[in-house]
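Report on the structure given below.
The values are calculated or read from the model by the stated rules, or taken from the named source; none is laboratory data. These numbers were taken from a predicted model, which means no experiment stands behind them. Glycine also receives a Cβ, built like all others from the backbone with ideal geometry; neighbour counts cover every protein chain displayed. Just so you know, the surface numbers come from the protein's heavy atoms only, side chains and all, with ligands and any DNA or RNA stripped out. Shrake-Rupley method; radii C 1.70, N 1.55, O 1.52, S 1.80 Å.
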Amino acid sequence: MQPIASERAPYNGLTQAEPTLPSSAYWDEAAYQRDLDAIWYKNWLLVCREADLAQPLAFRRFRIGTQDIIVLRDDTGALRAFHNTCRHRGSQLCQESEGRLKARLITCPYHAWSYSLRGDLVRVPSKSLPDGFDKADHPLYRVALSVWRGFVFINLQEDAAGSAQASFDPASGNLGNWPLETLVSGHVLRKVMHCNWKIFWENFNECLHCPGVHKDLSRLVPIYGRA
């Protein structure tokens with residue numbers, strides 16, 4: 001491959017053929033688990049807009065790999081995130097994908113352990129508890145949460161520190177002129193893609209398919225038409 005001359009900026013693309021990922025990276029279960037452990041369970045992930053949880057007791061559920069997460073706004077107006085799992089027998093606490101909690105407690109539908117919206121265990125139905133049992137030792141498992149300019153991020157790493165903003169690449173551009181905090185959702189499209197996440201990711205990050213699939217876009221951005 002020969003570099004493409006440019007008067008505006010030096011060419012920063014490939015100048016020779018490079019090996020791609022092995023096919024197993026897209027179908028092997030062990031490879032997928034490594035992706036989860038190294039990427040999805042360790043980084044800040046965008047889950048929703050702050051306005052999606054505008055009212056107290058509003059909640060949404062998100063699934064990342066095998067992890068079921070609930071994000072909610074508590075009765076003081078603070079956003080919080082927890083694993084959607086009761087500490088008693090691991091039952092799913094919230095079954096709906098989104099909505100508004102009916103009370104200021106999250107009550108497990110299995111054995112009725114109840115938690116405050118801050119994740120503290122506040123009530124168990126049993127009248128006979130073992131010696132040494134302390135409700136303070138059994139809160140919901142908390143998930144790190146960070147709000148950046150109206151966007152809500154979570155991080156599944158147990159000792160996650162910092163904020164979502166700290167993970168951004170400053171060289172990628174400055175969004176200071178965009179009124180991100182005041183944006184509202186005009187339309188929502190949800191689609192389940194039956195493929196390994198890297199296939200969609202790679203498709204999004206290259207435009208070799210643009211001349212044949214996105215002809216209008218290629219006319220608007222001429223470099224895309226060069227494939």
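A few notes on this one:
- Prolate/oblate/rounded label for the range 1-100 (Cα gyration tensor, a/c 1.5): oblate
- Amide H contacts under 5 Å for residue 68, placed H, 5+ residues apart: 84
- Dipole magnitude of the chain about its Cα centre (Cβ charges: Lys, Arg +1; Asp, Glu -1), debye to nearest 20: 760
- Inter-site label distance for residue 201 and residue 182 at 7 Å from Cα along Cβ, in nm: 3.6
- The chain: antiparallel DSSP beta bridges as a percent of all, rounded to 5: 100
- Added length on full extension, which subtracts the Cα-Cα distance from 0.36 nm per residue, residue 42 to residue 88: 13.9 nm
- Among the cysteines of the chain, those whose beta-carbon sits 4.7 Å or more from every other cysteine beta-carbon are 48, 94, 195.
- R0 of 45 Å, Cβ-Cβ distance residue 221-residue 98: FRET efficiency to nearest 0.05: 0.80
- Working note: 222 nm ellipticity from helices only, DSSP H runs with n ≥ 4, each -39,500 (n - 2.57), summed and divided by the residues of the chain, gives -3000 deg cm²/dmol to the nearest 500.
- Modelled spin-label separation between residue 190 and residue 159, with each label point placed 7 Å from Cα along the Cα-to-Cβ direction: 3.5 nm.
- Protection-proxy order for peptides 42-55, 62-75, each taking the mean of Cβ atoms within 10 Å per residue, highest first: 62-75, 42-55
- Working from label points 7 Å from Cα in the Cα-to-Cβ sense, the residue 118 to residue 26 distance is 5.0 nm.
- Electrostatic bookkeeping for residue 95 treats Lys and Arg as +1 and Asp and Glu as -1; over the other residues with beta carbon under 15 Å from its beta carbon, the sum is +2.
- Where 26, 224, 115, 141 fall by accessible area, highest first, once all protein chains stay in place (1.4 Å): 141, 224, 26, 115
- Look at [x] 18.2, 58; [y] 25.4, 85; [z] 22.9, 79: the one that is Rg and Dmax of the Cα atoms in Å derived from this structure is [z].
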